[in-house]
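To start, the structure under review is shown below, and the notes come after it.
The values are calculated or read from the model by the stated rules, or taken from the named source; none is laboratory data. Small disclaimer: the values here were computed from a predicted structure and weren't measured. Cβ: placed from backbone, ideal geometry, glycine included. Neighbour counts: every protein chain shown. Surface areas here come from the heavy atoms of the whole protein model, side chains and all, with no ligands, DNA or RNA. Shrake-Rupley method; radii C 1.70, N 1.55, O 1.52, S 1.80 Å.
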Amino acid sequence: MPAADGKPAKDDALAAATAPVVMGPLDYKKDVKPLLESYCYKCHGNGKKKGNLALDDVVALQDQKTWRHVLENMRTGEMPPDEEKQPTLEEREKVMKWIDVAVFAVDPDHPDPGRVTIHRLNRAEYNNTIRDLIGVDFQPADDFPADDSGYGFDNIGDSLTLPPVLFERYLAAAEKVMSMAILNDHKPRPDKIYVDLMKIEGGPKKGTTSIARKIDENESTVKLDLPLAGQYDVKLVVESQKVGGEAPKMEWKLDGQSLRTTELSGRKDFKEQIKAVMRVDKPGEHTLMMHVVNPAKTGDAVKTTAANNKGADTTDGKRTFVVRQILLMTPPQPVKAPESQYRIFKPGAGQPNLEFAARAIIQNFGKHAFRRPLGSNEVERFMWIYKQAGLKGGNFEQSVQTALTAILVSPHFIFRGELQPQPDNPQIASQINEWALASRLSYFLWSTMPDDELFAEAEKGTLRKNLDAQIKRMLADPKASALVENFGGQWLQTRNLKLVQPDARAFPSWDQGLATAMQRETEMLFETIMHEDRTVLDFIAADYTFVNERLARHYGIRGIEGEAFVKVKLPEDRPGGILGQGTYLTITSNPTRTSPVKRGKYVLENLLGTPPPPPPPQVPDLDDKNRAELHGTLRQRMEQHRQDPTCASCHARMDPIGFGLEQFDGIGMARVQDEGVQIDPVGQLVTGEKFSGPAELRQILLTKKRSDFLRCISEKMLTYALGRGLEYYDRVTIQKISTSLEKNPNFSNLVTEVVNSVPFQMRRGEGDHRKFSEAQKTALLSPGPAH
């Protein structure tokens, strides 16, 4: 109704401000405004504007950034302040839902793809890119500093900084990689052949090991497989000891012909090098023989025993020597260039001269390294480097190697992404080109550069048209294991297994073999869902798992033998999916006991996407509290802990979930008692659902919380795919993906929806949304048919 002065009333103005937005079942005047009046207007309404915020202001109501801060503060529990009256959990969630639905709706005619910081290649991406670009599986990034993480992943552009020490490592890595990939010195050189000492036959057995072989007056022989005819340099590293005042003399023979007789030093514990030259008429098998030519006499042995009565006698009264190493140097021979060199230099074949060949090599290598064609100015800069290297005396290979090394330290190789002309202007956006799309797609699914097929599609301009087929091909490729390791390993936190150290007294069965088996179990679940295109609900619902003998024994599953993993149906007392796996149950435990808090927090953060706020400052952990304050079982102590009003709101969310999984100890073994008391697995979620034990909890997650899980996995995968945290303007994208998953929750549909989303396909700047047809808008923005 209008006011007496003819102007619309404030409530009507507020309702009109949100009229274009579909608010669902919640009504602002009826459901939201009374809560704001009750809990917020004391500081942010009725003329008060603390923090420059008034929630009854029409302008503020239409400002998404303002409501984003309100939403964050309500989710973390920071607002209302602790000293003020607090809303119930139901009231808090009602306001948050209204903000999500009513405020964060995005205009489909002007979608905002978001601001993305260009990504420095993280360590996994760098190693994989070097492998696929050059063909050298060198793992150079293993020497780089650890990557920082953000939003749960280590591929977030804003977190991947470039400190000076890392740039120095990039330069060193580029030089080393290219020195391995290209042979620039054709001078013949010998190969080294180390003789396996365990293959020496004859001689005394006592004192013989895999790294030392004792030789006496009896002939000891070893078979040599020599690759070439010609002169071989031989080096022996030996130890000897005088017997009867005389050192042993050794004789070498090759195929029965004496090479040399040498008197050894006889200095105890001294390693001396003995060298000789042997000539071989033809390649193949030859026999090297060694023995002592001056064996000790009985009287010599008595003298030696008397001389060594103050120390250990290692001679047993016999003149012997110990061989520590036999090294053969073959005749010098031309060195074959590595396969990587043929691959890199192939575009230069058939060119009229070396300069044309160098240009072709640089253009092709640069296109793959930069994930796009080089501009003419870029080609000329690297050709200048090539020519300068030649002027300084480098041969063709050295000059090309220098230019390619420069490509590997270019920002266009080290960083990926597209420069956005107007990164802070959400009103202008355009589709990324097909080269950029190929790069985004390959680093999302493979953590590496595009392969030749993706490059070919991008060059022809057909990649976007054939995306579905390419996604299917890429998920079936072995390189998709990177999605398991890098997305799955961080989302499901299997990487954290290497950080946990269960107490040996509390959990004596824990060892590295068990930890490795647990991690592999989780990885194989992810691989199965991905490769068999199963429903993503199997992350919770799977009634199968993968075990070897060690893990099966840990779980109480019989009939499994050996190290190989096999697929088995789970027993009824162990929940399927992540909740029943040792990985989850171990990383969410303390060293000496389970942690219902950590287990509940994991489910809220990683499966439901509703993380609890951080604990208030100066609140001690349960284990840090005075033992006199809390009594009884772990559950009873935690329930007493929740009596504290500052702790209750958060623990009411987390603890019940953890209680439902107390039938498994700190390393995932089933149990019925804790501290001599029967486990009580009963719990109730803050939303009212009651359960008893892991099976009923899992059923709630699959029914009542199904939408939350689908939304959560959509958020996690979109964050990883984009390499940035999600913002309020991404709400429509998440809604589209999760809506599609409700119809078809298969893994490939999740990936396809992410790849077809606005933020994945588009970027800010250089465009006008009006150039997109209505069909394109529908494909990008509305929940279309499931893939």
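Scanning the stretch 550-571 for residues that are in a loop (DSSP other than H, G, I, E, B) and without any contact (Cβ under 8 Å) to a residue 60 or more places away in the chain yields a count of 11. Is it true that some residue in the stretch 295-305 is over 19 Å from E217 (Cα atoms), outside any helix (DSSP H, G or I), at pLDDT below 95 and of a type outside the set (S, T, Y)? Looking for residues that are over 19 Å from E217 (Cα atoms), outside any helix (DSSP H, G or I), at pLDDT below 95 and of a type outside the set (S, T, Y), one finds none in the stretch 295-305, hence no. Considering the stretch 133-172, and only residues there that are part of a helix (DSSP H, G or I) and in contact with an Asp or Glu (Cβ under 7 Å, 6 or more places away or on another chain), the residue that is most open to solvent (accessible area, probe 1.4 Å) turns out to be R169. Taking each residue of the stretch 122-147 that is of a type in the set (D, E, K, R) and looking for partners that are assigned to a helix (DSSP H, G or I) with beta-carbon atoms closer than 7 Å, six or more apart or interchain, yields R123/A141; E125/Y443; D137/R131; D143/R169; D147/R123. Is there a residue being surrounded by fewer than 17 Cβ atoms within 10 Å (Cβ to Cβ) and free of Cβ contacts under 8 Å to residues at least 12 places away in the same chain anywhere in the stretch 725-735? There is no residue in the stretch 725-735 that is surrounded by fewer than 17 Cβ atoms within 10 Å (Cβ to Cβ) and free of Cβ contacts under 8 Å to residues at least 12 places away in the same chain. Given the stretch 374-420, what helices (runs of 4 or more DSSP H) lie entirely inside it while holding 2 or more residues that are among the polar types (S, T, N, Q), open to solvent by 60 Å² or more (accessible area, probe 1.4 Å) and closer than 30 Å to M762 by Cβ? It comes to 376-391.
The one condition from (1) at pLDDT 95 or above; (2) open to solvent by 60 Å² or more (accessible area, probe 1.4 Å) that I211 does not meet is (1). Summed over the stretch 121-132, the residues that are touching a Pro at 6+ places or on another chain (Cβ under 9 Å), of a type outside the set (A, V, I, L, M) and crowded, with 22+ Cβ neighbours inside 10 Å give a count of 1. Contact map, the stretch 524-549: residues that are under 23 Å from W446 (Cβ atoms) and open to solvent by less than 10 Å² (accessible area, probe 1.4 Å) paired with residues that are modelled with pLDDT of 95 or more and charged (D, E, K, R), Cβ distance under 6 Å, separation 6+ or inter-chain. Pairs shown: I529/D538. On the basis of being in contact with an Asp or Glu (Cβ under 9 Å, 6 or more places away or on another chain), closer than 29 Å to Q636 by Cα, crowded, with 20+ Cβ neighbours inside 10 Å and not acidic (D, E), does R599 make the cut? Yes; evaluated as a whole, the condition is true for this residue. Quick check on the stretch 687-709: of everything there that is over 29 Å from the mean Cα position of the chain (by Cα) and open to solvent by 60 Å² or more (accessible area, probe 1.4 Å), which residue is modelled with the lowest pLDDT? If we take residues in the stretch 687-709 being over 29 Å from the mean Cα position of the chain (by Cα) and open to solvent by 60 Å² or more (accessible area, probe 1.4 Å), then T687 is modelled with the lowest pLDDT. Selection over the stretch 173-209 of residues that are of a type outside the set (G, A, S), in a helix (DSSP H, G or I) and under 40 Å from the mean Cα position of the chain (by Cα) gives a count of 5. Here I326 does not qualify as buried (at least 18 other Cβ atoms within 10 Å of the Cβ) and closer than 30 Å to S442 by Cα. Selection over the stretch 675-697 of residues that are assigned to a loop (DSSP other than H, G, I, E, B) and aliphatic (A, V, I, L, M) gives a count of 3. Scanning the stretch 621-667 for residues that are open to solvent by 60 Å² or more (accessible area, probe 1.4 Å), modelled with pLDDT under 70 and either under 25 Å from E90 (Cα atoms) or assigned to a loop (DSSP other than H, G, I, E, B) (or both) yields D621, N626, R627, A628, E629, H631, Q640, R642, Q643, P645, T646, S649. Do the conditions hold for L718, that is, is it among the hydrophobic types (A, V, I, L, M, F, W, C), over 16 Å from G114 (Cα atoms), surrounded by 21 or more Cβ atoms within 10 Å (Cβ to Cβ) and modelled with pLDDT of 95 or more? No, not satisfied. Of all residues in the stretch 236-257, those satisfying the criterion of being in a strand (DSSP E or B), under 20 Å from K268 (Cα atoms) and open to solvent by 50 Å² or more (accessible area, probe 1.4 Å) are E246, K249. For the stretch 426-460, a residue qualifies if it is at pLDDT below 95, farther than 14 Å from R416 by Cβ and hydrophobic (A, V, I, L, M, F, W, C), and the qualifying residues are I428, A429.
Can you find a residue that is farther than 30 Å from A482 by Cα and at pLDDT below 95 anywhere in the stretch 399-411? No: zero hits. Being out of contact with any Gly (no Cβ under 6 Å at 6 or more places or on another chain), part of a helix (DSSP H, G or I), surrounded by fewer than 15 Cβ atoms within 10 Å (Cβ to Cβ) and without any contact (Cβ under 8 Å) to a residue 12 or more places away in the chain, is that true of even one residue in the stretch 508-518? Within the stretch 508-518, one or more residues are out of contact with any Gly (no Cβ under 6 Å at 6 or more places or on another chain), part of a helix (DSSP H, G or I), surrounded by fewer than 15 Cβ atoms within 10 Å (Cβ to Cβ) and without any contact (Cβ under 8 Å) to a residue 12 or more places away in the chain.
In this structure, does P108 turn out to be at pLDDT below 70 and of a type outside the set (K, R)? Judged against the criteria, P108 is a match. Pairing residues of the stretch 445-468 that are farther than 21 Å from N486 by Cβ with residues that are at pLDDT below 95, at Cβ distances under 7 Å and at least 6 apart in sequence or on separate chains, gives D468/H787. Of the residues examined, E572 is one that is charged (D, E, K, R) and over 25 Å from D477 (Cα atoms).
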